[in-house]
Amino acid sequence: MTATVTRLRRQLGESESGMVTAFVVVFTLALLVMAGLVLDGGLALSAKVQAIDDAQAAARAGAQAIDIPLAPPGRSPSIPPRPPPTPSST
């Protein structure tokens, strides 16, 4: 019985000698892919939050530019016109 087990171990050990290396390579590649997906998703979420913050800041600035006290009665307030830009001399 012991001789049979020893013989089987030798046969299996020789045929599976590189299996651990292949497993480590596949596992490492899977970890790198997952890390890339997490990083890409985090950057996309960060860009979305930044875009929302920029839109809110623009809306706030636009709302502050409305001159409510100077609006005539019965008319909605308007944004005062900006002076035209002056040409820059080069």
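The values are calculated or read from the model by the stated rules, or taken from the named source; none is laboratory data. Given the structure is predicted, the values throughout are model-derived calculations rather than measurements. As a convention, Cβ positions derive from the backbone with ideal geometry for all residues, glycine included, and neighbour counts pool all protein chains shown.
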List, please: which pairs have Cβ atoms under 6 Å, are six or more places apart or on different chains, and start with a residue in segment 47-66 that is assigned to a helix (DSSP H, G or I) and end with one that is at pLDDT below 95?
-> ALA65/ILE79
Does THR90 count as among the polar types (S, T, N, Q) and at pLDDT below 80?
-> yes
Qualifying residue in segment 25-44 (condition: aliphatic (A, V, I, L, M) and at pLDDT below 95) = yes
